[in-house]
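First the structure, in the form of structure tokens, and then the observations on it.
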Amino acid sequence: MWRGCCRLLRGRSPLPRPLPTAVGSGPLGPGGGRAYAPLGERKRFYQNVSISQGEGGFEINLDHRKLKTPQAKLFTVPSEALAIAVATEWDSQKDTIKFYTMHLTTLCNTALDNPTQRNKMQLIRAAVKFLETDTVCYRVEEPAALAELQKNEWDPIVTWAEKRYNVSIGSSTSILGPNIPASTKETFVSHLASYNMWALQGIEYVITQLKSLILSMGLIDRHITVEKAVLLSRLEEEYQIQRWGSVEWAHDYDLCELRARAAAGTLFVHLCSESSTVKHKLLQD
């Protein structure tokens with residue numbers, strides 16, 4: 001992958017021309033606005049992908065045309081590392097462009113256009129609200145085997161979060177869920193406020209994939225791996241599959257897709273939080 005990134009760096013294009021948008025509108029987002037979702041497929045219409053630095057940041061060039069967002073804004077990202085990652089998504093497409101595999105591109109479009117028109121505090125509040133329905137906080141009493149599995153697998157991540165953020169979270173078997181203290185919510189609000197708007201878009205994306213703020217923060221904080229976070233988010237489903245079996249191909253496909261989205265969202269958060277530029281000499285090999 002990094003060799004491909006080096007080639008992209010060496011092939012920067014100085015005179016790109018506008019490129020029509022490649023991502024359309026999707027279903028309603030958490031804030032009630034129209035959130036972006038990738039289109040299906042399209043025949044590849046470019047030969048080379050490169051990046052260039054402009055006044056507003058780093059741009060993506062397909063041949064000699066500049067990539068733009070669905071709202072026709074110049075596709076400009078804040079860090080060189082993120083630009084390389086997005087360019088690699090476009091460069092890795094074969095004869096057919098599969099937009100639904102380009103999670104970083106979609107996330108960048110969302111950050112640039114902000115289709116739900118939310119400010120930073122609204123994004124933070126939406127993320128923290130997931131605590132009220134967090135997957136790892138809802139427990140069952142029956143069957144006993146599943147209740148035991150939830151205790152063994154979910155309790156450690158809840159305990160980690162409580163110690164990491166010095167908060168009280170707990171769990172509940174009630175349909176109403178646990179009673180999350182207001183102080184816990186405010187602590188997470190303060191923590192999330194340390195991230196910029198771009199990173200917050202990525203955090204919310206990861207949360208919606210895993211249906212859990214706790215798992216998402218554990219993943220972004222590098223406490224657990226993508227594979228572990230996805231397994232914990234699908235614990236009940238995995239239990240049912242072990243007991244009753246799975247649809248031959250659908251289970252594996254869904255699992256891989258969720259891992260890809262969670263990994264892309266986490267990478268997006270880290271790349272948007274990184275202000276330093278890529279050291280070219282590290283990419284030469």
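The values are calculated or read from the model by the stated rules, or taken from the named source; none is laboratory data. Bear in mind that the values here come from a model prediction, so they are computed numbers and not experimental data. All Cβ positions, glycine included, derive from the backbone under ideal geometry; neighbour counts span all protein chains shown. Just the protein is used for accessible areas: all its heavy atoms, side chains included, with ligands, DNA and RNA removed. Shrake-Rupley method; radii C 1.70, N 1.55, O 1.52, S 1.80 Å.
Filtered by the rule that a residue be touching a helix residue (DSSP H, G or I) at 6+ places or on another chain (Cβ under 8 Å), open to solvent by 80 Å² or more (accessible area, probe 1.4 Å) and more than 25 Å from L82 (Cα to Cα), segment 232-265 gives a lone residue, E236. Anything in segment 222-269 that is among the acidic types (D, E) and farther than 16 Å from D134 by Cβ? List them, or say none. Hits for segment 222-269 are E227, E237, E238, E248, D252, D254, E257.
Kindly list, by first and then second residue, each pair from a residue in segment 107-132 that is touching a residue at least 24 places away in the same chain (Cβ under 8 Å) to a residue that is assigned to a loop (DSSP other than H, G, I, E, B) and of a type in the set (V, I, T), limited to pairs with Cβ atoms under 7 Å and residues at least 6 apart or on different chains. As it stands, the answer is N109/T69; L112/T69; D113/T69; L131/I180; E132/I180, since those pairs meet every condition given.
Selection of segment 66-92 for residues being assigned to a loop (DSSP other than H, G, I, E, B) and surrounded by fewer than 22 Cβ atoms within 10 Å (Cβ to Cβ) yields T69, P70, Q71, A72, K73, P78, S79, S92. S171 meets all of the listed conditions (1) farther than 30 Å from L112 by Cβ; (2) touching a helix residue (DSSP H, G or I) at 6+ places or on another chain (Cβ under 7 Å); (3) modelled with pLDDT of 95 or more but one, namely (3). Among the residues making up segment 93-109, a single one is open to solvent by less than 30 Å² (accessible area, probe 1.4 Å), among the polar types (S, T, N, Q) and either in contact with a His (Cβ under 6 Å, 6 or more places away or on another chain) or not in a helix (DSSP H, G or I) (or both): Q93. Looking at E153, is it within 22 Å of V230 (Cα to Cα) and part of a helix (DSSP H, G or I)? Taking the combined requirement at face value, the residue satisfies it. Scanning segment 26-63 for residues that are open to solvent by 60 Å² or more (accessible area, probe 1.4 Å) and at pLDDT 90 or above yields K43, Q47, N48, Q53. Residues in segment 183-231 that are of a type outside the set (A, V, I, L, M) and closer than 13 Å to R259 by Cβ were compared, and the one that is surrounded by the fewest Cβ atoms within 10 Å (Cβ to Cβ) is E227.
Which residue is farthest from W154 (Cα to Cα), if the candidates are limited to segment 199-231 and must be of a type in the set (S, T, Y) and out of contact with any helix residue (DSSP H, G or I) (no Cβ under 7 Å at 6 or more places or on another chain)? If we take residues in segment 199-231 being of a type in the set (S, T, Y) and out of contact with any helix residue (DSSP H, G or I) (no Cβ under 7 Å at 6 or more places or on another chain), then T208 is farthest from W154 (Cα to Cα). Residues in segment 166-215 that are touching a residue at least 60 places away in the same chain (Cβ under 8 Å), of a type outside the set (F, W, Y) and part of a helix (DSSP H, G or I): 16 in all. Scanning segment 110-159 for residues that are open to solvent by 40 Å² or more (accessible area, probe 1.4 Å), aromatic (F, W, Y) and touching a helix residue (DSSP H, G or I) at 6+ places or on another chain (Cβ under 7 Å) yields a single hit, F130. Hey, among V206, V230, which residue is closer than 26 Å to V77 by Cα and either of a type in the set (D, E, K, R) or under 13 Å from the mean Cα position of the chain (by Cα) (or both)? Result of the check over V206, V230: V206.
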